[in-house]
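K.L.:
Starting off with a structure, shown below.
Quick note: the coordinates plus some simple rules give every number you see, no bench work behind them. Fair warning: this is a prediction, and the values are worked out from it, not measured in the lab. FYI the Cβ positions are ideal-geometry reconstructions off the backbone, even for glycines, and counts take in every protein chain you see.
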Ligand code: ATP
Ligand code: TZP
Ligand code: MG
Ligand code: MG
C-alpha cells in the first residue's frame with residue numbers, strides 16, 4: 001500500500017459516486033450527509049424497519065452508528081445488516097460510546113455477534129469495551145487508557161475476525177495480519193462533533209469502491225486526515241466553527257496529488 005494506491009482509491013470514490021446507507025445518530029446526520037457529498041459519494045439516511053432491507057441491498061456500503069441508539073433503531077440496524085450481509089454489501093460499524101452505559105455496550109456486542117461486520121471504527125475505549133476489555137470512556141470521548149492502541153486493534157481484529165480501525169492522534173488499521181498506522185489528521189478534529197462519525201461513513205464510501213478492507217480504510221483515513229490538515233492550516237487564526245466549514249470544502253477540493261504528497265502511512 002503506497003501513497004499512489006491511496007490516491008487511486010480516492011479517485012474511484014469520486015468516479016463511482018457510491019451510495020452509502022447510514023443509520024446514524026441525530027447529532028451528526030446533516031454533517032455526515034454533507035461530508036459524503038463533499039467527498040463525491042451519495043449519502044442516504046433510512047431508518048424505517050419497513051424499508052431498511054431494501055435500501056441496504058442497493059447501497060455500496062451500510063454504516064451503522066449507535067450514537068443516539070433507541071430500541072427501534074437497533075432493530076432496524078439488525079434488519080439492514082442482515083440484508084447487507086446477504087447481498088455482499090460491506091457493513092461498517094461505529095460503536096459510539098460503547099462502555100459508557102451497559103445498554104450501549106450490550107448493543108455493540110450484539111451487533112458484532114449477530115452481523116458480519118467488514119470494518120469496525122472507533123476510539124480506543126470503544127473498541128476495548130466491545131471486546132470486553134476495560135478502558136475508561138467519558139460519554140462518547142475516549143478516556144485515559146492503560147494499553148497500546150496498536151496491540152488492542154490487533155487483539156480486536158483477531159477476536160472479532162474483522163478489520164479494525166482505532167483512531168486518535170495516530171490511527172491504526174489492522175485485520176490481525178496486516179497493520180498500518182496513519183499519522184494524518186489534526187487535533188482540532190476533536191473539537192468538532194461528528195468528525196469520528198463522518199469518518200466511519202467515509203470509510204464506508206471507500207469500502208464501496210475497494211474490496212480489500214485494510215486498503216480501503218487506510219486510504220480513507222489518509223485522505224480524510226490530509227483534508228483536515230489543509231483545512232486546519234487555512235483556518236488557524238480562527239476556531240472550530242471555521243474549521244468545520246473549511247473541512248467540508250477540503251473534502252471536496254483536496255486533490256489526488258495532495259493526498260499522494262501528504263499521506264503519512266506506515267506499515268508495521
Ligand atoms: P473521540 O470521541 O474519542 O474524539 P471519535 O469517534 O470522534 O473519537 P477520533 O478518534 O476523534 O474519533 O477520530 C476522528 C478523526 O480525528 C480521525 O481522523 C483522527 O485521526 C483524528 N484525530 C483525533 N485526535 C487527533 C489528534 N490528537 N491529532 C490528530 N488527529 C486526530
Ligand atoms: N452524543 C451522542 S452521539 C454524539 C454525541 C456528542 C456524536 C459523537 O460524534 P464523534 O464523531 O464520535 O465525535
Ligand atoms: Mg470526536
Ligand atoms: Mg465517535
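K.L.:
Using helices alone, I'd like the mean residue ellipticity at 222 nm for the chain: each DSSP H run of four-plus residues gives -39500 (n - 2.57), total over residue count, nearest 500.
P.N.:
Taken over the chain, the calculation gives -16000 deg cm²/dmol.
K.L.:
Nearest 5 is fine: what % of DSSP beta bridges in the range 100-231 come out antiparallel, could you say?
P.N.:
Close to 65 percent.
K.L.:
Please check: in the Gaussian network model of the chain (C-alpha springs, under 10 Å), which one of 88, 65, 123 has the largest mean-square fluctuation.
P.N.:
The residue with the greatest mean-square fluctuation here is 88.
K.L.:
If you don't mind, another one. Rounded, prolate or oblate for the range 3-97? Axes are the square roots of the Cα gyration tensor eigenvalues, ordered a ≥ b ≥ c, and the cut-off for rounded is a/c under 1.5.
P.N.:
prolate
K.L.:
Over the range 64-153, consider all pairs of different Cα atoms and compute the Kirkwood hydrodynamic radius from their mean reciprocal separation; express it in Å, one decimal.
P.N.:
13.2 Å
K.L.:
What ranking do 248, 39, 221 get, fewest neighbouring Cβ atoms within 10 angstrom at the top?
P.N.:
Exposure proxy ranking, most exposed first: 248, 39, 221.
K.L.:
How far apart, in nanometres, would the label points at residue 234 and residue 68 be if each is projected 7 angstrom from Cα along the Cα-to-Cβ direction?
P.N.:
In this crude spin-label approximation the distance works out to 2.9 nm.
K.L.:
Given axes a ≥ b ≥ c from the Cα gyration tensor, I'd like to know whether the range 19-64 is rounded (a/c under 1.5), prolate (a/b larger than b/c) or oblate.
P.N.:
oblate
K.L.:
A further question on this structure: Please compute the alpha carbon radius of gyration of the range 203-268, then divide it by the globular-protein estimate 2.2 N^0.38 Å. Two decimals is fine.
P.N.:
That works out to 1.19 for the range 203-268.
K.L.:
How would you classify the range 131-268 from its alpha-carbon gyration tensor, with a ≥ b ≥ c the square roots of the eigenvalues: rounded for a/c under 1.5, else prolate if a/b is greater than b/c, otherwise oblate?
P.N.:
oblate
K.L.:
Pick from 47, 103, 224 the residue whose mean-square fluctuation is largest in a GNM of the chain, springs joining Cα atoms under 10 Å.
P.N.:
103
K.L.:
Which three numbers, in whole Å and largest first, are the semi-axes of the equivalent ellipsoid of the chain derived from its Cα gyration tensor as √(5λ)?
P.N.:
25, 21, 18
K.L.:
Same structure again: Of the candidates 107, 32, 174, which one comes out as most mobile in a Gaussian network treatment of the chain with C-alpha springs shorter than 10 Å?
P.N.:
Comparing 107, 32, 174 in the GNM, the peak value goes to 107.
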